[in-house]
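In what follows, a single structure is set out as C-alpha cells and then discussed.
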Amino acid sequence: TAIMQLVEQGKVDLHTDVNEYLKRLQLPRNYARPVTIADLLTHTAGLDWDLDDIGTVARRASEMQPLAQFLVSQPPARIWPPGKQYLYSNGAYDLLGFVVEEVSGLPFAQYVDENILQPLDMHRTSFLQPPPMSDDLATAYEYVDGAFRAVPLPYYHNPPSRSLTASATDIAHFMLAHLQQGRYGNGRILQESTAREMQAQHFTYRAGEPGAAYGFDEFVRNGVPGISKWGVDLGAHSGLYLLPDQDWGYFISYNGNDGFQFINFLTDQIFDHYYPLSDEPVPPQLPADFQARARRFTGIYRSTGYSHHTVAKLGMLLWGPYPQVTAPGDGTLQVRFSQDDKNILQLVEVGSLFFQSPDGKTRIVFVEDGQGNITHMASGQWVTEKVPWYKTAAFHTGLLGIYVVAFAVMALISPVSSLIRRRRGQPPPVARLPRPTRLLTALAAALNLTMLALMAVLLPQSDRLGLEYGMPPVLAAVLAIPIVTTILSVGALISAGLAWKNRYGSLAGRVAYSLGVVILLAFIPFLLYWNLLGFRW
C-alpha cells in the first residue's frame with residue numbers, strides 16, 4: 001500500500017529496475033532482465049527464500065540493526081530470472097520497505113504511521129519495536145515437548161516484512177479501506193484506480209487461475225474468488241481474507257503454532273456455510289489418450305520454499321518425503337503428499353497442463369520448460385519443483401548412510417589392524433604405503449565422520465540453537481571442518497598419484513587407498529549441494 005501511494009505520486013514506477021531507487025545497496029545484475037518493483041510486489045523477483053533463517057533477530061532492542069545495514073550485510077540473493085517463478089520472499093518486501101525509506105526520506109515505520117495508520121484510525125498498530133502498546137500484547141505460545149511455551153516478542157532487523165503489531169479492530173479498518181477501493185470514512189489512502197490495480201492479478205501460471213496481485217494472493221474457494229494475506233511468527237498465526245466482489249472479508253489471528261491448520265479449517269467452514277456448492281459436481285471426462293502421456297507428469301516434487309544458497313538448505317532433509325505423483329492406469333493422476341498420508345488426491349486432466357480433482361475443489365497447473373519437460377506443479381501460491389531421483393531426500397539420506405559407513409571404515413581400519421597385529425605380536429607388512437600417506441585419508445575420513453555426527457546432533461535442535469540470532473559459534477566451528485577435509489582430500493589425491501608413480505606399497509594397498517580417495521572426493525559435491533562448504537550463511 002505504501003509503494004502504491006508513491007506510485008500515485010509519480011515517485012516510483014512499477015516497471016523500473018529497483019536498483020534505480022536503492023542508493024546504499026544494489027541487487028546483483030546476474031540476469032539480463034533487472035528486478036522491478038512489480039516483480040517484488042508479486043514475489044516473482046527470483047529472490048531466494050532465506051532472509052528468515054539465520055541472523056534476522058536481535059536479542060534485545062538495543063542490538064537491532066538499521067534496515068539499510070541489515071540489507072547491506074545480508075542482501076537477498078537472486079537465484080532465478082525475474083517474472084518466471086513465484087517464490088514467497090520476505091526479502092522482497094524488506095527491499096520494498098527500503099525503497100519507501102529511500103524515496104520518502106522517512107523511516108519506514110514513520111512513513112506508514114503518517115500515511116496509512118493515522119488516516120485509517122489504526123491507533124493500536126505499529127511497525128516500531130518494541131511497539132508503543134507492548135503492555136497490551138497477547139502472549140505468543142509454541143507447543144514444545146508436550147507443553148505450551150511462551151515466546152517473547154522478537155526484535156527484527158527486517159521490520160517491513162515482519163514487525164507489524166496490531167489489533168483486530170485496526171486491521172478491520174485496513175480491510176474496509178481496501179474493500180472500498182482506497183476510501184475510509186471521508187478520506188482516502190489510495191485512489192480507486194490504484195486500489196483496483198493493487199487487487200488485480202499480475203502473475204499466474206495459467207490464465208483464469210489464482211495467482212498474485214500486488215501484496216495480496218488470489219484464491220478461489222467453492223467457486224468464489226478473493227484475495228488474502230497470511231502471516232506467521234514465533235507462536236502466532238494470522239489470515240486476512242477479502243472478497244471484494246461480495247463486499248466483505250474476515251480476519252483471523254491466534255497465538256499458536258499449528259501450521260495454519262485452524263485458519264484452513266475455519267475458512268473451509270465459512271465457505272461451505274455461506275457459499276455451498278449447490279449441485280453435485282459433474283466428474284470431468286477422462287481423456288482417452290492421457291495414459292500415453294501420463295509419464296510426463298509422474299515423479300517426485302518438492303516445495304521451492306527452501307534456502308537455495310545457504311546451509312539452511314539442510315532443513316530439506318527433515319521435510320521428506322516429498323509429494324509423489326503417480327499414474328494408476330485409469331486415466332487419472334494421484335498425488336500422495338507423504339508415505340503415511342492416507343488421503344490421496346486424484347486429478348483428472350481438463351486442459352493442457354491443467355488438472356482438477358473430481359469434486360472441482362482442487363486445481364493443479366503443471367509447468368513445462370522450452371524442451372517440453374515438466375518442471376513444476378502449482379496450485380495458486382503453492383509451488384513445487386519436479387526433482388530427479390538423485391535430488392530427493394530419500395536418496396541423499398541413503399547416500400549419507402553410505403558415507404558414514406565408508407568414513408568409519410577408512411578412519412578405523414588402519415589403527416584397528418595395527419592394534420590387532422601388535423596384540424598378536426606380528427610385525428607390520430613390509431609392502432605398505434608410507435605412514436603420512438595413510439594418515440591423510442584416515443584423518444580426512446575421521447573429520448568428515450565427526451562433522452556428520454555433530455550435524456546429526458545439532459540439526460534437530462536448530463530451534464534451540466538460536467539461529468535466528470546468528471550463526472552459533474559451535475555450529476560455525478563444525479562448518480569449518482569441511483574446509484579442512486577438502487584440503488586433506490586434495491592432498492590425498494596428490495599422494496595417491498605419487499604412490500602409483502613410485503609404486504609405493506603393494507598393488508592391493510594402492511587400490512584400496514585410491515578407492516578411499518575417490519570416496520573423499522565424491523563427498524565434496526555432496527558438501528557443495530547442501531551448502532556445507534565455504535561458510536555459506
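The values are calculated or read from the model by the stated rules, or taken from the named source; none is laboratory data. Because the structure is predicted, anything quoted here is derived from the model rather than measured. Cβ: placed from backbone, ideal geometry, glycine included. Neighbour counts: every protein chain shown. Only protein heavy atoms, including side chains, enter the accessible area calculation; ligands, DNA and RNA are left aside. Shrake-Rupley method; radii C 1.70, N 1.55, O 1.52, S 1.80 Å.
Quick look at the numbers
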read-out	value
Segment 237-252 residues that are assigned to a loop (DSSP other than H, G, I, E, B), paired with ones that are open to solvent by 40 Å² or more (accessible area, probe 1.4 Å) and not basic (Lys, Arg) (beta carbon under 7 Å, 6 or more apart)	245/225
Filter pass, residue 257 being polar (S, T, N, Q), modelled with pLDDT under 90 and within 32 Å of the chain's Cα centre (by Cα)	yes
Hits in segment 488-537 - residues which are farther than 25 Å from residue 478 by Cβ and either of a type in the set (Gly, Ala, Ser) or open to solvent by less than 40 Å² (accessible area, probe 1.4 Å) (or both)	495, 496, 497, 499, 505, 506, 508, 509, 510, 512, 513, 514
Residue that is farthest from residue 139 (Cα to Cα), among those in segment 259-282 that are open to solvent by less than 50 Å² (accessible area, probe 1.4 Å) and touching a residue at least 24 places away in the same chain (Cβ under 8 Å)	275
Selection within segment 448-472 - closer than 24 Å to residue 59 by Cα, part of a helix (DSSP H, G or I) and not aliphatic (A, V, I, L, M)	460, 461, 462, 463, 464, 468, 469
When residues of segment 328-348 are limited to those that are among the charged types (D, E, K, R) and closer than 26 Å to residue 271 by Cβ, the one most open to solvent (accessible area, probe 1.4 Å)	342
Considering residues of segment 387-407 that are open to solvent by 60 Å² or more (accessible area, probe 1.4 Å) and not hydrophobic (A, V, I, L, M, F, W, C) only, the residue farthest from residue 318 (Cα to Cα)	390
Scope segment 28-46; condition surrounded by 14 or more Cβ atoms within 10 Å (Cβ to Cβ) and either touching a strand residue (DSSP E or B) at 6+ places or on another chain (Cβ under 6 Å) or not aliphatic (A, V, I, L, M) (or both); matching residues	31, 34, 36, 39, 42, 43, 44, 46
Segment 48-104, residues that are under 17 Å from the mean Cα position of the chain (by Cα), in a helix (DSSP H, G or I), buried (at least 22 other Cβ atoms within 10 Å of the Cβ) and not charged (D, E, K, R)	51, 91, 92
Selection count where residues are modelled with pLDDT under 95 and farther than 17 Å from residue 402 by Cα, scope segment 513-531	3
Residues located in segment 338-360, provided they are modelled with pLDDT under 85 and within 26 Å of residue 225 (Cα to Cα)	343, 359, 360
Single residue of 369, 359 found to be within 30 Å of residue 337 (Cα to Cα), free of Cβ contacts under 8 Å to residues at least 60 places away in the same chain and open to solvent by 20 Å² or more (accessible area, probe 1.4 Å)	369
Flag if residue 420 is open to solvent by 80 Å² or more (accessible area, probe 1.4 Å) and free of Cβ contacts under 8 Å to residues at least 12 places away in the same chain	no
Lone unmet requirement of (1) modelled with pLDDT under 95; (2) out of contact with any strand residue (DSSP E or B) (no Cβ under 6 Å at 6 or more places or on another chain); (3) surrounded by fewer than 17 Cβ atoms within 10 Å (Cβ to Cβ) for residue 114	(1)
Pick from segment 168-227, criterion among the hydroxyl-bearing types (Ser, Thr, Tyr), without any contact (Cβ under 8 Å) to a residue 60 or more places away in the chain and over 19 Å from residue 5 (Cα atoms), ranking: most open to solvent (accessible area, probe 1.4 Å)	169
Every pair of residues 6+ apart whose Cβ atoms lie under 6 Å, when the first sits in segment 19-32 and is in a loop (DSSP other than H, G, I, E, B) and modelled with pLDDT under 95 while the second is open to solvent by less than 90 Å² (accessible area, probe 1.4 Å) and basic (Lys, Arg)	28/78; 30/78
